[in-house]
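Here is the structure we will look at.
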Amino acid sequence: MTLRRLVFLGAPGAGKGTQAERACRDHGLVHLSTGDLLRGAVKAQTPSGVAAKAYMEAGDLVPDDVVFGVLFERLDEGVDAFVLDGFPRNLAQAEGLDERLAAAHKPLDGVIELDVPASAIVGRITGRRVCKACGTTYHVAFRPTSQEGVCDNCGGETYQRSDDTEAVIERRLAVYREQTEPLKEYYERKGLLVAVNGDRSMDDVEAAVDAVVAGNGERIDG
Ligand code: AP5
């Protein structure tokens, strides 16, 4: 049975966005990235965006009420088959999500943890480039554009995220270890966690994730 309501958990740069995009395309799910929603709010200078900007630039978590606001507004549009990418990020967010989904009688079906060693993370993040127009993600070495700085998908200009610098990455990784990593145990206890080895090619990770979403995955994938 295909899983319909999923969380993708993992360190910054682990490949959550890359794999969420592929899983949603293949299984008809909606990709909900709180990072993307917040960046959109910052760009549009909405009250949520104004509140979030400094936290994001510093690599800190945006306050829970702001994050709940942007995410639940999107879920309220009638989305009930989704991959959550970058949410929840702390215990309060995980509990808030559980409450909301329980009230709708549509609990989470699974949590996929993309497991990537710290040694691979910094290179992935500093090499990331994103299209300003369509949001497609590239990597200067692992997924380069055909023409430097130009999106293969739409011809838009690619850029480097302002929080993808080594100084901010250190902070993001520390925040992940302190606040988000404990969620592995939270979801393990609920019997929802499946660990996937994310330290291999994007296609190999995709195949492992696909097996889990399709309901055929092993509990722990080597
Ligand atoms: P967010 O945008 O969620 O950033 P993140 O969690 O740090 O995750 P990333 O987007 O950096 O990485 P990813 O795992 O999606 O990796 P990707 O697929 O792009 O959050 C940004 C900020 O917003 C936070 O710091 C916080 O301030 C705020 N925020 C967001 N959500 C929040 C929340 N819930 N609560 C509070 N604050 C929140 O891949 C990375 C690179 O690696 C790419 O270049 C890709 O091409 C490459 N790559 C991917 N897979 C592979 C592979 N298998 N092999 C080689 N390269 C690969």
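Shape index of region 46-160: Rg/Rh, with Rg the Cα radius of gyration and Rh the Kirkwood radius from the inverse mean 1/r over Cα pairs, equals 1.01. Under a model in which nothing but the beta-carbon of Lys, Arg (+1) and Asp, Glu (-1) is charged, the chain shows a dipole of about 260 debye around its Cα centre.
Diffusion coefficient of region 1-96 by Stokes-Einstein, Kirkwood radius over Cα pairs, 4 °C, 1.567 mPa s: 94 µm²/s. For region 136-206, the alpha-carbon coordinates run over 46, 30, 19 Å along the three principal axes, in decreasing order.
In this label model, A207 and A174 are separated by 4.0 nm, measuring between points 7 Å along each Cα→Cβ vector. Rolling a 1.4 Å probe over the protein chains gives T126 an accessible area of about 40 Å². Ordering N197, Q147, Y187 by Cα displacement along the dipole of region 97-198 toward the positive end leaves Q147 in first place; charges were set at the Cβ atoms of Lys, Arg (+1) and Asp, Glu (-1).
Ranked by solvent-accessible area (1.4 Å probe, protein heavy atoms only, all chains present), the residues F72, F8 order from largest to smallest as F72, F8.
The helix-based estimate of mean residue ellipticity at 222 nm for the chain, built from -39,500 (n - 2.57) per DSSP H run of four or more residues and divided by its residue count, is -13500 deg cm²/dmol to the nearest 500. For the chain, the mean projected area of the C-alpha convex hull, equal to one quarter of the hull surface, is 11.6 nm². Toward the positive end of the charge dipole of region 1-136, with +1 on the Cβ of Lys and Arg and -1 on the Cβ of Asp and Glu, the farthest Cα among V116, F82, A92 is that of V116. When +1 charges are put on Lys and Arg Cβ atoms and -1 charges on Asp and Glu Cβ atoms, the dipole computed for region 39-105 relative to its Cα centre reaches about 320 debye. Separation of the alpha carbons by more than 32 angstrom is noted, of K106/K132; K43/K190; K16/K43, for K106/K132; K43/K190.
Solvent-accessible surface of protein heavy atoms, probed at 1.4 angstrom with all chains present, puts K190, K106 in the order K190, K106, largest first.
Plainly put, region 83-124 has a radius of gyration that is 1.12 times its Kirkwood radius, both from alpha-carbon atoms, as the Rg/Rh ratio. Sorting 199-205, 171-177, 85-91 by average packing, meaning the other beta carbons within 10 Å per residue, from highest down gives 85-91, 171-177, 199-205.
The values are calculated or read from the model by the stated rules, or taken from the named source; none is laboratory data. Remember, predicted model here, so these are calculated numbers, not experimental data. Please note: Cβ atoms are built from the backbone with ideal geometry, for glycine as well, and neighbour counts cover all protein chains shown. These accessible areas exclude ligands, DNA and RNA; they are computed on the full protein's heavy atoms, side chains included. Shrake-Rupley method; radii C 1.70, N 1.55, O 1.52, S 1.80 Å.
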